[in-house]
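The values are calculated or read from the model by the stated rules, or taken from the named source; none is laboratory data. Predicted model only: the values in this text are computed from it and were never measured. We place every Cβ from the backbone using ideal geometry, glycine too, and count neighbours over all the protein chains shown. Ligands, DNA and RNA are excluded from the accessible area calculation, which covers all protein heavy atoms including side chains. Shrake-Rupley method; radii C 1.70, N 1.55, O 1.52, S 1.80 Å.
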Amino acid sequence: AAAVGVFLFNPESDWRAVRRRCGKNYVTALLLFHPMVCIHIIGHFHCDGPFVVAGGRRRRVLASDYAVSCDGAIWHLYAAYAGLMLAAFVVGAPLAALAALRRNRPAGRVAPPSELAKLDGALASLTQRYTPQFWWFEAVAVLVRLLFGGLTVIFVPNAPALRVALCLFGVSAYLWFTAAFRPVARASSHVVESLAYAMLWFLALYATVSE
């Protein structure tokens, strides 16, 4: 829609250039909002309980809203939809982008950055921050963000301490790898990113101690 708007207001614009620019901005915006959307999707599977209610019945409730039961037909209906979004958006979108980038980098062939940027198109923004051999590293960053976004709730729903420990392990491994191999191309970006993930590390450590 943005590309069409630009083209209508400026008919002399290069349509392909406008489309590439808008596509790049769309991928950047999607990357920014991806963790937030994932938190809401994963949150549907985060239930507490079971608690004993009237009549001696046991009931599980949604952690974010105890008025919502996790045992009713409505919750299971939404769970089916959330599961579809989990597969398509939370996991599927990053894997699809990774597969598309990998396809542009056949084994044994080294292409110049300008050619790779042209081949990657709108996805080029996912690789430009990293050195050529670590073009895939944004997928690792997405995984670490998903750990903090509650991805482990699906696998260990009743072990909050273990979930926090997994977050601590994930960000520790990330910090060690970035310090050892320097996948981020610019030194200033490397420092800023390391400080940001160090803050996450201390946050996970504090949660572990307080737990």
For region 99-113 and region 136-211, what is the separation of their Cα centres, given in Å? 28
Grab the Cα-Cα distance for Ala198 and Leu32, subtract it from 0.36 nm times how many residues apart they are, and report the gain in nm with one decimal. 57.8 nm
Using the beta-carbon distance between Val53 and Arg109 and R0 = 41 Å, what value does 1/(1 + (r/R0)^6) give for FRET efficiency, to the nearest 0.05? 0.05
Checked against the structure, the computed log10 I(q)/I(0) by the Debye sum over Cα atoms at q = 0.12, 0.14, 0.16 Å⁻¹ among (1) -0.85, -1.11, -1.30; (2) -0.65, -0.89, -1.14; (3) -0.80, -0.99, -1.16 is the one labelled (3)
Could you sort the peptides 51-64, 27-40 by per-residue average Cβ neighbour count (10 Å cutoff), highest mean leading? 27-40, 51-64
The ³J(HN,Hα) series, computed from each phi in region 40-45 with the Karplus coefficients 6.51, -1.76 and 1.60 at θ = phi - 60°, rounded to the nearest Hz and given as x for glycine or proline, is 5, 5, 5, x, 5, 9
For region 82-126, report the accessible area per residue in Å² (1.4 Å probe, heavy atoms, rounded to an integer). 57
With the crude spin-label approximation of a point 7 Å out along Cα→Cβ, what separation in nm comes out for His40 versus Ala185? 3.3
Using alpha-carbon positions, the gyration tensor of region 108-193 gives root eigenvalues a ≥ b ≥ c; with a/c under 1.5 called rounded, otherwise prolate if a/b exceeds b/c, else oblate, the class is prolate
Working out 0.36 nm times the residue gap between Leu84 and Val209, then minus their Cα-Cα distance, what length gain in nm do you get to one decimal? 41.5 nm
Please name whichever of Leu195, Met85, Leu151 sits farthest to the positive end of the charge dipole of region 57-211, dipole taken about the Cα centre and charges placed at Cβ: Lys and Arg +1, Asp and Glu -1. Met85
Surface share of carbon and sulfur [accessible, 1.4 angstrom probe, percent] for the chain: 69
Starting from the 7 Å offset along Cα-to-Cβ, what nm value, one decimal, do you get for the label separation of His76 and Phe177? 3.9
